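Nothing in this text is a laboratory measurement; each read-out follows from the coordinates by a stated rule. Note that the structure is predicted; figures quoted are calculated from it, not measured. Heads up, the Cβs are rebuilt from the backbone with ideal geometry, glycines too, and the neighbour counts pull from every protein chain shown.
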Amino acid sequence: MNGLNSRILSGGDLAQALPRLTEWSEQLGRGHPAHHPLWLYVLREGMGHTPLVLESYRNQETTGILPLALVKSSLFGRFLVSLPYLNVGGVLSNDPESRAILVQEGVKLSHSLNSRHLELRHETPVLHESLNGTRSNKVHMRLSLPDFPGPLWEELSPKVRNQVRKGERSGLTCHWGTTELLDEFYFVFARNMRDLGTPVYSKRLFAAIIHYFPSDAEFCLVRHQGKPVGGALLVHGSQVTEVPSASCLREYNPLSPNMLLYWNLIDRAIQREQRVFDFGRATKDGNTYKFKKQWGAEESPAIWQYHLKGTAADLRTDNPKYGRMIQLWKRLPMPIANFLGPKIVRGIP
């Protein structure tokens, strides 16, 4: 392929290549925080995954990268994913030959590691004969941001503005911070995940995110009479701000903490002169989709591509076949849910 080669970076080689990979990710990642290679270290420390990077190069110049994490679980097996927890990932390259060799080497690596499948979380599909599965039932929801919040506020419907004001009138307050707010954020997040019937991520994951992105990751906490009732993790890239995790306690819904929380998140992104606010993925026309749509978010494709040995292992909790398990999980005492949840969810790609 015209002098094109590839290599696997791991361990010390990966650490040494980090400045080069960071520069490349920034050039091609459109300023989205999820493309930063430091996420590989977050996933290693926060979830116990093995980080790897496939790099294509020509004359020792990088032409493309494919960050990967090996997810290992005694319950579910092995998966090679780009990247767990995050909504975007996959191949980063403008060169068709480089994209082809990275997918080819990713498939080889998947087989050598005995993983059940290779999962690439693309936004634009990569055409390759080895990618024999696709999941596109969800879409990204993203909001273009103005230079200051006034125009956006005026574009919101009266209903949305009234719900934000209701949160303020109800005595809810918003607070920003990092490590000092971790325990309160996790209290809300873990409670909400249990109530949804979903195993919770470990607190170590969020601590690792704050550690590796000290200037670009922060918590927003909503309190009522001093008690945490809502919270979100916000991660800023050079052009895009994303909210990968957010929750509010259901019993406080009449006070509109979720609306006040999200208005503050969007306002924070505008303060940082970001161009886009990424709400994350949602199922088209579902409740989450409608919630994000009311802020003015527009949908864009989420094309997750697979190399499958058999059929795709759909372990996500919105799969109807887990209905009974979800109902049982909702009844677990919080200490048990918080103990078991991270052990289970770390094995779900």
Query raised in the report: Which of PRO199, SER136, LEU152 sits closest to the plus end of the dipole of segment 112-227, meaning its Cα is farthest towards the positive end, when Lys and Arg get +1 and Asp and Glu get -1 on the C-beta?
Result: PRO199
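Please give the length that would be gained between SER74 and LEU28 if that part of the chain were fully extended, namely 0.36 nm times their separation in residues minus their C-alpha to C-alpha distance (nm, one decimal).
Contour length minus the Cα-Cα distance gives 13.0 nm.
If you place +1 on the Cβ of every Lys and Arg, -1 on the Cβ of every Asp and Glu, and leave all else neutral, what size is the dipole of segment 146-274 about its Cα centre, to the nearest 20 Debye?
Values: 14 positive and 14 negative charges, 113 e Å.
In debye, rounded to 20, segment 146-274 gives about 540.
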Report task. Apply the Debye scattering formula to segment 191-256, with a single equal point scatterer on each alpha-carbon and no solvent, then give log10 I(q)/I(0) at q = 0.15, 0.16, 0.17, 0.28 Å⁻¹. Result -> -0.56, -0.63, -0.70, -1.25
Query - Among 36-44, 250-258, the order from most to least packed when residues are scored by Cβ within 10 Å on average - result: 36-44, 250-258
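Between GLU180 and ASN162, what length comes free when the chain is fully extended (0.36 nm per residue of separation minus the Cα-Cα distance, one decimal in nm)?
On the way: separation 18, 0.36 × 18 = 6.48 nm, distance 3.11 nm.
Additional length available on full extension: 3.4 nm.
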Query raised in the report: What lysines could a cross-link reach from LYS330, if we take a straight Cα to Cα line under 24 Å and drop same-chain neighbours fewer than 8 places away?
Result: LYS203, LYS227, LYS321, LYS343
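Given only helices, namely DSSP H runs of n ≥ 4 each adding -39500 (n - 2.57), what is the per-residue ellipticity at 222 nm of the chain, to the nearest 500 deg cm²/dmol? Provide the component values of the computation, followed by the final result.
Values: 11 runs with 129 residues, N = 349.
For the chain, the value works out to -11500 deg cm²/dmol.
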Query raised in the report: Which lysines have a Cα lying under 22 Å from the Cα of LYS293, excluding residues fewer than 8 positions away in the same chain?
Result: LYS138, LYS159, LYS166, LYS284
Report task. Taking the chain as the reference, fit the longest principal axis to its C-alpha atoms, fit the long axis of helix 257-271 to the helix C-alpha atoms, and give the angle between the two in degrees, 0 to 90, nearest 10. Result -> 60
Requested in this report: Provide, for q = 0.10, 0.20 Å⁻¹, the log10 of I(q)/I(0) from a solvent-free Debye sum over equal Cα point scatterers in segment 1-119.
Outcome: -0.27, -1.11
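For ASP147 and ARG272 in one chain, what is 0.36 nm times their gap in residues minus the Cα-Cα distance, to one decimal in nm?
On the way: separation 125, 0.36 × 125 = 45.00 nm, distance 0.97 nm.
Full extension of this stretch gives 44.0 nm more.
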Query raised in the report: If each of LYS108 and LEU127 carries a label point 7 Å out from its Cα toward its Cβ, how far apart are those two points in nm?
Result: 2.4
**Report entry** segment 80-131: radius of gyration and largest Cα-Cα distance (Dmax), Å
**Finding:** 10.7, 29
Query raised in the report: Once you list every other residue whose beta carbon is under 12 Å from the beta carbon of LEU205, what net charge do they have if Lys and Arg are +1 and Asp and Glu are -1?
Result: +3
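Would you mind computing the Rg to Rh ratio of segment 146-274 from its alpha-carbon coordinates, Kirkwood style for Rh?
Values: Rg = 14.5 Å, Rh = 15.1 Å.
Here the Rg-to-Rh quotient is 0.96.
So for PHE79, PHE213, fewest C-beta neighbours within 10 Å to most, what's the order?
Final ranking by Cβ density, sparse to dense: PHE213, PHE79.
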Requested in this report: Mind pulling the angle between the C-alpha long axis of helix 11-28 and the longest principal axis of the chain? Nearest 10 degrees, somewhere in 0 to 90.
Outcome: 70
Query raised in the report: Taking a label point 7 Å from the Cα of MET334 along the Cα→Cβ vector, which residues of segment 238-280 have an amide N closer than 14 Å to it?
Result: 248-252
